[in-house]
Structure formats: structure tokens, C-alpha cells
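Here is the structure we will look at.
The values are calculated or read from the model by the stated rules, or taken from the named source; none is laboratory data. Quantities reported herein were computed from a predicted structural model and do not represent experimental measurements. Positions of Cβ are backbone-derived with ideal geometry, glycine not excepted, and every protein chain shown enters the neighbour counts. Protein only, heavy atoms only, side chains kept; ligands, DNA and RNA dropped before computing areas. Shrake-Rupley method; radii C 1.70, N 1.55, O 1.52, S 1.80 Å.
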Amino acid sequence: MPTDNEFTRILQWPGYRVYQHKIDEKNKILELWVRRKRGNRKLECSCCGRKFEEAYDSNERAVRDLPWSEFKITVHIEVYRVPCPDCGVRIEKVPLLPSKAPFSKRFEEAVGEACESASARQVARRFKLAESTVRAIDLRYLERWAAKRRRPALRQMGVDEIHMGKKQKFLTVVCNLETAEPLWFGRERKQETLDEFFREELSGRQRRGIEAACVDMWEPYRLSIEQWTPQCKIVYDKFHILQHANEAIDEVRRAEFFRKGGRMRELVKGKRWLLLSRWMNLTPGQRRGLNQLFALNRKVFKAYLLKESLDRLWTYHYEGAMLNYLEGWIDQLRWQRLEPFQKLAMMLLEHLEGILNYCRTKVPLGVVEAVNGNIKTLLRRGRGYKNLRYLLLKAQRMAATRTELVVFRKAA
Ligand SMILES: [Zn+2]
């Protein structure tokens, strides 16, 4: 049977020694009682950090620590209270105990690390904890990580929304385009939503430091940005514009083939996503399939060409050339009677400044999309992100460690 001294050497809690132990071999539980070593008597107020020589009184707390072999470890630790003149009688600061919850710091770290690559449910099973406990530990783990890291400056921001389903509807996501990291979540997608970000999260200096914002052509966001950061250039995101082009071609497809029953309907079936894909991403067989479709309907063919050629707009570096290309693109719509594309052209002209701004201020394209993709992955994987703060920290951690950055390939 090991002695308390040996237990102290195995436990390795700096500054603490084991003075009593109890082994329950049947249930595989090892309990250790620890207190400060002689010479480790500098107490600190947990509230303000003031140092004390004398304690007010002492107490015992039981926390779970990392397992030893098959044994579950419970450590009973003697903690003191200090008579702080500023804060009143307070508990001392114990670095080994990061929160009021009954776990040691290294136990929480182990659970938090496990949560980075596994779902809360899997981690719960492995550590024999409740799932809600695992989430609470993970949240504290992430909060500690966030508290001690330096925040990069925000020069280019992305704003986008995520559709959360019928009940919660939209979530506004603000991200840092340079670090590809989400910064803030807000409920809904109103002007007031984004206003809240500027008001609550940034100082006047930080707001003045923002040079560009990459957004969807969504009026409330534009209004908010113009109000809070007048110097910031609004750049309409290529991926959003191409999304609108995809919606337009989908509309043409529906209008052209909807009423045609029978054989024609059969032929078109399953080609929807082909029409939404880029030509260069298709296999020869898929290209043949599309060509069959085009042979049947010239309008759909024309619409496909328009959609395919729109993304060349972002290859230009001079706004004159970009504008020329856009005008040429719009010219092709003449006599085509492609209603959805006409609407798209109107939309592009109305947002012309923001499209041309891409030539004036280069922003990385596709980051907004990648950030959103990561958040959606998290949402799909683990239910129970009712706590938006938790979701945000999780997504930030993911971006910082780059574990699973979803590259947005489809429209690339
Ligand atoms: Zn104090």
C-alpha cells in the first residue's frame, strides 16, 4: 500500500500534499485528502488578488481529478477563506480549481480537449459524465482559452446570415476576413441586429479601423454599416451574387419545363444540380446530360451560359474593365426574355458601387462562406447549441486551430 508521501508524488498537485487516503477496490474509487505544503502559505483573494498571510477559516471541497488506471479519483482539498478588506470574506484563489464546479483544472482541460474532436455525447460516455456537464465544462474550457488570447485587429469584416430553421429563423454572423474567424452572433438579420455589434463590441477607434465589409446585397446590413463605419467600403461578395445567379437559372428551368409533362419531365429530372454546378467541375457524362437538355431548350442553354460567364467579373483589377464586362454581360440579355436574369441585372446595377469596390479594396472571397460552412457543420453535428456564446467560442476555436476549415469548393 502506497504511503501518503507516495500518493503526493503521483498526484503532482504543485504546492499540495496528500495527508489521508481511502481506497475502495470494489468500486474502484480512490479518495485523497490534500492540503497546502508547509511553505506554501501565501493566500490570495480570488476576487481582487490581494495577498494574505492568515486565513479567515478553512473548508473542504471535493473535486474529480484525472483517473489513475481504472480508478476514479476524488480529491478532497482544503481551501481557505481570506478576510479581504475590499471584498469581504472571500474564498482563496486556487489555480488547480478553475471554477465552482467539482472538477480539477486538468480534468476540465482533458474534457475540453476531447470535445474538440468528438461530440459531447461521446465525451460524456467516455468520462462517465452527464452530457450537460460535458457541455458546461467545455464552455468553461473555451472561455479560459478566449480570455488569455490576443485578439487580432479587425480591418476587414464579413457579414452574413445563417438560416437556423423555422423557429429561430436567422442568425447574423460577423467575421474577421483576415483570420477567417467568427466574431459575433446576433439574432435575426435586421439593421438593429448589426447595430448591436457595432455598439456593444467595438470602440470608436475599432470602428474607424475597419476598411472593408464583405456582405450580401441585403439592405439592412448596408444601412447599419454606413451609419457606424462611414469610411468602410462595402464589397458585395462574389459568392452571394453567384448564388443569386443560381436562383435565376433555377427559375428559368422551372418556368421552361414545368408545364411540359411526360418524357420531357423525365429527361429534366435530376438535372437541377447539374445546372447549378460549374461546367469545369462536371464529368464528361454529366456534360453530355446537360447538352441533351440544352438541345431541347435554348433558353435554359442561354441562361446557363450567362450564369457561367458572370464569375469572370471578379478577374478584373480595374474598375473600368470590370464595368465594361458587366455591361457586355447585361447586353446579352437583350431579346432573350429571360425574366429572372433581367431582375438579376437590375439588382447588380443597383449595387454597382459595391461590386466595383472589389477593384478598389481587395477582400478575400469565399471566407464568409467558409466560416458559415464551419458553423453549419457544428450545428449539424451537435444539437444543443441553444447557447449562442458556446457556439461562437466553439467556432472560434475551430478557426484558430484550423481543424476542419470547410473549403468552399462548389463555386470556386
Ligand atoms: Zn479581495
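Listing for the model above:
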quantity: Residues of the stretch 336-362 classified as open to solvent by 70 Å² or more (accessible area, probe 1.4 Å), modelled with pLDDT of 90 or more and in contact with a strand residue (DSSP E or B) (Cβ under 8 Å, 6 or more places away or on another chain), total; calculated: 1
quantity: Enumeration of residues in the stretch 20-38 that are charged (D, E, K, R), surrounded by 13 or more Cβ atoms within 10 Å (Cβ to Cβ) and under 25 Å from Glu92 (Cα atoms); calculated: Glu31, Arg35, Arg36, Lys37
quantity: Residues of the stretch 70-99 satisfying the condition of being within 15 Å of the ligand (Cβ to nearest atom), assigned to a loop (DSSP other than H, G, I, E, B) and open to solvent by 60 Å² or more (accessible area, probe 1.4 Å); calculated: Pro85, Asp86, Lys93
quantity: Helices (runs of 4 or more DSSP H) within the stretch 248-347 that include 1 or more residues over 26 Å from Tyr236 (Cβ atoms); calculated: 262-268, 272-276, 284-296, 298-310
quantity: Candidate set: the stretch 306-335, residues that are over 33 Å from the mean Cα position of the chain (by Cα) and hydroxyl-bearing (Ser, Thr, Tyr); chosen: the one surrounded by the most Cβ atoms within 10 Å (Cβ to Cβ); calculated: Tyr325
quantity: Tabulated pairs, the stretch 34-55, first free of Cβ contacts under 8 Å to residues at least 24 places away in the same chain and closer than 24 Å to Ile73 by Cβ, second away from the ligand (no atom under 14 Å from the Cβ) and in a loop (DSSP other than H, G, I, E, B), C-beta under 8 angstrom, 6+ apart or interchain; calculated: Lys37/Gly15
quantity: Residue pairs meeting the criteria (Cβ under 8 Å; at least 6 apart or on separate chains; first within 23 Å of Arg205 (Cβ to Cβ), in the stretch 142-156; second in a helix (DSSP H, G or I)); calculated: Ala146/Leu393; Ala146/Gln396; Arg149/Ala400; Ala153/Gln206; Leu154/Gln206
quantity: Residue match in the stretch 2-22 (condition: touching a residue at least 12 places away in the same chain (Cβ under 8 Å), under 16 Å from Tyr80 (Cβ atoms) and within 16 Å of the ligand (Cβ to nearest atom)); calculated: no
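A quick yes/no check of all residues on (1) assigned to a loop (DSSP other than H, G, I, E, B); (2) loosely packed, with under 12 Cβ neighbours inside 10 Å; (3) of a type in the set (S, T, N, Q):
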position	(1), (2), (3)
Phe7	no, no, no
Trp13	yes, no, no
Val18	no, no, no
Asn40	yes, no, yes
Glu44	no, no, no
Gly49	yes, yes, no
